[in-house]
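What follows is calculated from the coordinates using simple rules that are stated; it is not laboratory data. In this text the structure is predicted, and so the values were computed from the model without any measurement. Every residue, glycine as well, gets a Cβ built from its backbone with ideal geometry; the counts of neighbours run over all protein chains shown.
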Amino acid sequence: MLANRIALYAESHGLPAPRSLEYVRLGLVDCLRVSGVLPVALTGRARTELEELGLSIEDILNEGDIWARVEVRNQGPESLDGFIREGVLPEECSIVLVAQRAMVRVVPWEDALGVVQVSTEPPRHRPATLLVARFVEEEEPSFDPLPLFQVLANRERLSRIASRKKLEQEDREDRHFLAPYRRYVEDAKEYLIESTPTAPYQLASRDPVSVTTQGPWRREFTIPETLVKIPTEIGFPRTFKVEEVNEEGDVLILDDSDPDLLLKFEGELEIKPNTGPFDRMLEAMEALASGTHLPYLTLVQALRAPERLAPLEPVLFQPLWLRPRNQESERQYQAVETALGCQDICLVHGPPGTGKTTVICELILQLLANNQRVLLVAPTHVALDNVLMRIGDAPGVVAIRLGRSARADERVQKHLLPKAAGTLGEKLRGELDQAVAGAPEDDAVARVQREWLASVNTNPEATGSLLLLNANLLCATPIGIAMRREFRDLEPLFDVMIMDEASKATVADFLVPATRAKRWILVGDHRQLAPYADMEELAAIVQRAKYRLGGKPSEEWCQDVAAELRKHFDQRMHPSEEVRRQRWHELVETVMEEDADLVRLEAIPPEEGRWHQLWQDLKAGRPLPEGMTLPEEKRAEAGRRAQLMHELLELQRVSMPGIFERLLALPESRKVRLNYQQRMAPALAEFSKCHVYDKDYPSASGTQRFGLGDIHELEAPSIWIDTQLAPTQLRYESPRDQNWTGGHYYNELELRIALEVVERCIDWGARSWREVDAKGQPLPLELGIISFYGEQAERLRKEIFRRFAESEGRWRRVARRRAANGQTIDLHVSVVDRFQGQEKDIVILSGTRSNPIRNRGHVNNLNRLNVAVTRARHKRILIGDGATLTRRDKNGELVAGDLLSELMRLSDVKVRWGKALRGETT
Amino acid sequence: MSGAGKMDLPRIARSVEEADPSAIPVLVHARRVDAFEVDFQALSFVVEEPLPAVDRAVLGLTLALGRLGPHDVRCYLGLGHVVSELMLLRLSREGLLLDQSAGDEDAEAVEAEAVERLPTSARTIERLPPDVAHTYVLTDMGREALARDARRMFRLRSCRLILWAEPLHFIGVAREPARMKKRSAPARSKPLSPELVPKSLVSIDDLMALNASEREQLSGLGEKLPGVEGRLLGCAPDSQWEVRVADKEPNSLLVFAGYPVPEGLEWRVFVGSPWSLSACPRWLLMASHAPEELLAPEFVDEAVDGLGLERAWDVKVGGQEAVPVLAEGAELLRMLGDTDRPMDSWAPLQGTRGGGWASAVRVRALPGSPASAHRALLEFVCRREVALLHDLEAVVGATWEKLGRYWGGRDFPTPSREWLLLELWSRQAMRGVVCQARLRHDLVDPYTGTGEAA
């Protein structure tokens, strides 16, 4: 609202105008309200002037509106600045009161406003402030005129620097900015309501009931609290609520168990979609657009025009968690200083392994030490757990984690609300039992103790509410927070919100928790993968857009457009202009349905405004941009397609980038990039250092010890096992269709090599792995086996687990053999897109693509490669066909600047490794 | 002020009857009233909720000890070091405890200085030295919460209320439509500049400062706002508000309905939309916004004169539900309605009165001549085609009697059977009825008992 906007403007310009001063207060916007009456007294001159007019001063001032302004005779409005600062009224300062019938000038007297002039001459400008007051002609000994002068002077100054028009314009711009996000959420919600609510399933577990489907679950199934009906053996189905989905997105965890084994093992389940999260997003957007709280206005301004936020001053601190300040930790200190100095929003950019979690821990401890209430939000559970594992038990921290136990790490289970409440309840029961035993009956304190014990015994929720009310650190996923009854109201209850992995949250995801806080600190890395996008949902929104603009698109076309839109977005950071141009061409070609005349419009860059302009030009019959031609009969169609393209680019902007990317334009003083990586062997960081982070990604001294150089034939930290010399019938990917664009790729040869590598690593681990943590505790050996494609990951999972693993778990299991230090050897199979945020001792990466046309698919993507190559601490073993994945010039040299070729250059390449590559069976 | 525009007064009158089915009005005056959206930066609410067990325990402990610190909460209730401190901080933020070290200079703080630490022989869970730095005492609010086992939480909420300015009347809480216009930016109009804001809204904080019952009496704005949790206390001190025209507000109709009573007319007020009105108890305040002549008893006579219809006889409306008027031909039929029995109708008065008021009077149409009465009979008879096929004479007889009763026993000669048959024959759809009547008359009745008797 405008009143909030004015207040915000005043505060941000160091003009916190008093909202009330003794008898004067603000009221309706642009009005001042006066309590009681304003006494006025007449000078001789004024009395004469009034006599000439035949009016009394009360007649004039109590009739109709009175507009007021303060001014200094013969001086400009700046002359009041000193008065505002120091409170000393300048000489010849007066208030002009413009009434219906006359203009009256008053000056401060001791016990009244002294009327020095009454004139019927109309003023040149009407003052901007309406004074709602009643005037009496009398002297009032206790009256002090100064507050009226002060408030009016403040208003004068404020209106001088912030015109109402300008503020109204900002209000419109804020709403305009939020509108596309709102449209997207509305569209997604409609899609959810209308989408097919059934899917095939198989039970993965009965306690709690968990179900899998073919591949990952569609988004509509994974929204918490969605109702799911599962058929039973006795006829009628049972209804469950979705609690959450596993990290890989393919196991739905439901809210109850099936102890009587009544559920059918497989079949078709039905859902009743839950629109709650979308409703929460829409509510948040409406509150932001209306500016119902001052911080909301700041937030929308930051999102709309981040570059326009004022620079901030860092605040020095005494470290509570960080190690001593030195070259390697310097940026971490800077990040905390910036965040502590930030009164609204700032970013901490953390490339892989640079200590984001460390910074978050320090920041939380600093904030809690200052009695601030902190909301820690992250789109992934692992990010929350990483922080909680470190500082969840630190002195002064009362941390509660919202969410289900199934997803929380074993070490943070105690912070989950039900567990924490249960533990506390048990402790209290024991202690209070002892305290009240034999305590005097009539003692008031003992009576309180007895009542408190009774509450703890009879009402387990008492301890839960105790914790929720008093926790100073609350950890939740973005939507999780708003689904709790205690936090449903749109109120900034938390002093600070810290969002980790902010590059994985969309703007709409971010807004829901953001409306519960007053300041926001975002931590993330936009050079890693962007938020997950549901392609079915995107295709449905594309279909709506096309319908709206005329035409009945086929489902296939909509899916193609959605896929191309995503691919175009995914390659936005690719260093090769050629790659980016190609993606744009593919998108335009798909949207224009390969009409050669229309495809020529690709010369217009992928900017919403330019396509909107083209549509306008075509509609108005204006000429096309220079050098562009179009047959006359195709102008109308081109106009429709231009409008569609404009909408698609808007959809891309709204639904795909993370909030972190959106805020990159913040002023430099509000951003800190962490630089020293402490995760991996220096050789493993080299690719990202050179091709992703502009060489500002040095390795900390402690990383020199990483590498595990004693694994036979796998000594180097960065290895590429190149399959290009294997016969094509062995090395090519499947499915092997005509154009090698089948989609669900897998590669049998790479699978066999991966099995050998895993076996070699397990053998080595069982013989030589003796790592310990900082406290001397032995660590497990962690192996990550990842692929760029889901089908390959699925095959790797099945085969690796069959041969080497025991225990339960869909994507993570423990090897049958133990490491030399007695700890487990953990096996985690996944796809790159779901592996962000993970780190493993050894990572085996299957490139999968291998074909005669050298199509690299989405392997050749800067963000995805960056994630894939930065997951390993000691060793990264890429298995891939160099002939397909890399490019060589005519001299046979790897092409400089080509991402995968550069990766090969930085790797120890092995073309004859293991039995599979030599044609032997493994 | 809104003009009358085109108002469907018969529809409005029906809504009045639906809103208050206990009586039938004879006269309605309706006016559209400008609605305004008043955006309050902060309205103050009090939300009452059960006192959480842990709060009750801490407040109870404070009462028992007179004053306490975090160590006491730890020692006697078993809450940990951090939770104890956070707990006391929160309760003091919520106004239930007073932190004595905070340096407050108000009367309550000074009074709190005098609170003494009370002795106890209760056993502690852990042994700690007494707190010196921070001690807390109960506030009046804390004492009340403890006594009632409920705490009052004061909440500031920004709210958008829909109000009429003249008369001042609360319509509801503005909400964003569930499905807004999606393809365009949801624009909001600019707030009105102060000179365009009605006086009652410029100083609406005066209204908000009243207690709930006074406020409700004056404006209908009580302590509960639909969809907003808590009781409304008023505007938060020093908060601002802005006013916009709520041009799409459907609830913009103010209706006065006059009910006949022996002394003249009794007035009731309704507000809402033409399709849905609700009774408003604040007649006197509302009436002050209507021109006096509209509410004068003579208005009905003048209104009927203005209708351009001849009065059936000189009657006052007292005790009557409608004003009897004479009408002929098609107009008579129109006024009798299109159902199978005659109905009163609402006759809108030409033009609008001062202030945009439009009025309608309930009239009962009487035929001005026997011919008109016969045409009315024919019309109503034709509306009962199925019954006619069975027994023309019985239907005609019953309808004529019904019309006679409706017309207050006015005596018109009965039309002849031949005339009626001829008229029915002239209507294509009624020829079957005529044939059936002839059949009965010529070929059935003469051979049956009916015929013989005839």
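Using only the alpha-carbon atoms, how far is helix A:381-391 inclined from the longest principal axis of chain A? Give it as 0 to 90 degrees, nearest 10.
That works out to roughly 70 degrees.
Can you put B:Trp419, B:Trp400, B:Trp164 in order, fewest other beta carbons within 10 Å first?
Final ranking by Cβ density, sparse to dense: B:Trp419, B:Trp400, B:Trp164.
For A:Val814, what residues show an amide H to amide H distance below 5 Å, using hydrogens built from the backbone and excluding near sequence neighbours?
A:Glu806, A:Leu827
Please report the relative contact order for chain B, taking Cα pairs under 8 Å with a sequence separation of at least 6, and give it as a percent rounded to a whole number.
Relative contact order here is 20 percent.
If you take the beta carbon distance between A:Glu110 and B:Glu166 as r and set R0 to 45 Å, what does 1/(1 + (r/R0)^6) give as a FRET efficiency, to the nearest 0.05? Don't jump to the answer; show the numbers that get you there.
Working: r = 41 Å, r/R0 = 0.91.
About 0.65, to the nearest 0.05.
To the nearest µm²/s, what D does Stokes-Einstein give for segment A:402-544 at 37 °C and 0.692 mPa s, using the Kirkwood radius over alpha carbon pairs as Rh?
Numbers: Rh = 18.5 Å.
Taking Rh from Cα pairs, D becomes 177 µm²/s.
What are the ³J(HN,Hα) values, in whole Hz, obtained from phi via the Karplus relation 6.51 cos²θ - 1.76 cosθ + 1.60 with θ = phi - 60°, for each residue of segment A:577-584 in sequence order, with x given for Gly and Pro?
4, 4, 5, 5, 5, 4, 5, 4
Please give, to one decimal in nm, the separation of the simple spin-label points placed at A:Arg816 and A:Val382, each 7 Å out from Cα toward the Cβ.
2.7 nm
Which of the cysteines found in chain A have nothing to pair with, since no other Cys Cβ lies under 4.7 Å from theirs?
A:Cys31, A:Cys93, A:Cys361, A:Cys475, A:Cys558, A:Cys690, A:Cys761
For A:Gln729 and A:Lys634 in the same chain, what is the full-extension length gain: residue separation times 0.36 nm, less their Cα-Cα distance, in nm? Working shown, then result.
Details: separation 95, 0.36 × 95 = 34.20 nm, distance 4.74 nm.
Extending this stretch completely gives an extra 29.5 nm.
Using all alpha carbons of chain A, what is the percent of pairwise distances in each 10 Å bin, ordered from the shortest bin to the longest?
Percent of pairs per bin, in order: 2, 10, 16, 20, 18, 13, 9, 6, 4, 2, 0, 0.
Per 5 Å bin from zero, what fraction in whole % of the C-alpha pairs of segment A:590-747 is there, up to the bin with the longest pair?
Going from the shortest bin to the longest, the percentages are 1, 7, 10, 9, 8, 8, 11, 12, 12, 9, 6, 4, 2, 1, 0.
Enter the angle in degrees (range 0 to 90, nearest 10) between the Cα long axis of helix A:276-290 and the first principal axis of the Cα atoms of chain A, meaning the one along which they spread out most.
Long axis of A:276-290 versus the principal axis of chain A: about 30 degrees.
With runs of 4+ DSSP H residues as the only contributors, calculate the mean residue ellipticity of chain B at 222 nm using -39,500 (n - 2.57) per run, divided by the residue total and rounded to the nearest 500.
After summing the helix terms and dividing by the residues of chain B, the value is -9500 deg cm²/dmol.
Ratio of segment A:1-101's C-alpha Rg to 2.2 N^0.38 Å, to two decimals?
Cα-based Rg divided by the globular estimate yields 1.29.
Pairing the Cα long axis of helix B:81-93 with the longest principal axis of chain B, what angle in degrees results, from 0 to 90 and rounded to the nearest 10?
50 degrees
Per the Debye formula with a single identical scatterer at each Cα and no solvent contribution, what log10 I(q)/I(0) holds for segment A:403-453 at q = 0.30 Å⁻¹?
Ignoring solvent entirely, the Cα scatterers give -1.05.
Taking θ as phi - 60°, what are the ³J(HN,Hα) couplings along segment A:54-64 by the Karplus curve (6.51, -1.76, 1.60), each to the nearest whole Hz, with x for Gly and Pro?
Computed from phi, the couplings for segment A:54-64 are x, 10, 9, 5, 5, 4, 5, 7, 9, 10, x Hz.
Using C-alpha positions alone, give me the convex hull volume of segment A:291-409 per residue in cubic angstrom.
Working: hull volume 17.5 nm³, N = 119.
It comes to 147 Å³ per residue, whole-number rounded.
Which three semi-axes in whole Å describe the equivalent ellipsoid of segment B:331-422, each the square root of 5 times a Cα gyration tensor eigenvalue, listed largest first?
Details: eigenvalues 198, 36, 22 Å².
Over the Cα atoms of segment B:331-422, the semi-axes work out to 31, 13, 10 Å.
Would you mind checking which residues have amide H under 5 Å from A:Asn459's amide H? H placed 1.01 Å from N; only 5 or more apart, or other chain.
Amide H to amide H, under 5 Å and 5 or more residues apart or across chains, A:Asn459 pairs with nothing.
As an exercise, find the ratio Rg/Rh for segment B:188-307 from alpha-carbon atoms, using the Kirkwood inverse-distance average for Rh. Numbers along the way, then the final one.
On the way: Rg = 18.1 Å, Rh = 17.4 Å.
We get a ratio of 1.04 for segment B:188-307.
Among A:Thr380, B:Thr414, A:Thr226, which comes first, then next, by fewest other beta-carbon atoms within 10 Å?
By the 10 Å Cβ count, ascending: B:Thr414, A:Thr380, A:Thr226.
Would you mind checking A:Lys695/A:Lys840; A:Lys264/A:Lys840; A:Lys229/A:Lys840 for any pair whose Cα atoms are more than 27 angstrom apart?
In this structure, A:Lys264/A:Lys840; A:Lys229/A:Lys840 exceed 27 Å between Cα atoms.
Quick one: 3J(HN,Hα) in Hz for segment B:364-371, Karplus 6.51/-1.76/1.60 with θ = phi - 60°, rounded, Gly and Pro as x.
Result, rounded to whole Hz: 10, 7, 10, x, x, 8, x, 4.
Compute the whole-percent fraction of alpha carbon pairs in segment A:559-599 spaced more than 15 Å apart.
Percentage above 15 Å: 37.
Only Cα pairs under 8 Å and at least 6 apart count here; give the relative contact order of chain A as a rounded whole percent.
It rounds to 9 percent for chain A.
Please list, in chain and number order, the residues 5+ apart from A:Gln677 or on another chain whose amide H is under 5 Å from its amide H, with Hs placed from the backbone.
Those lying under 5 Å, H to H, from A:Gln677 are A:Ser699, A:Ala700.
State, to one decimal in nm, how far the label point of A:Leu294 lies from the label point of A:Asn891, with both points 7 Å from Cα in the Cβ direction.
6.6 nm
Sort A:Met281, B:Met335, B:Met87 so the one with the fewest other Cβ atoms within 10 Å of its own Cβ comes first. Mind dumping the intermediate values first?
On the way: A:Met281 28, B:Met335 20, B:Met87 24.
Sorted ascending by nearby Cβ count, the order is B:Met335, B:Met87, A:Met281.
Provide the FRET efficiency to the nearest 0.05 for the A:Leu53-B:Ser288 pair, computing r from the beta carbons and using R0 = 51 Å.
About 0.95, to the nearest 0.05.
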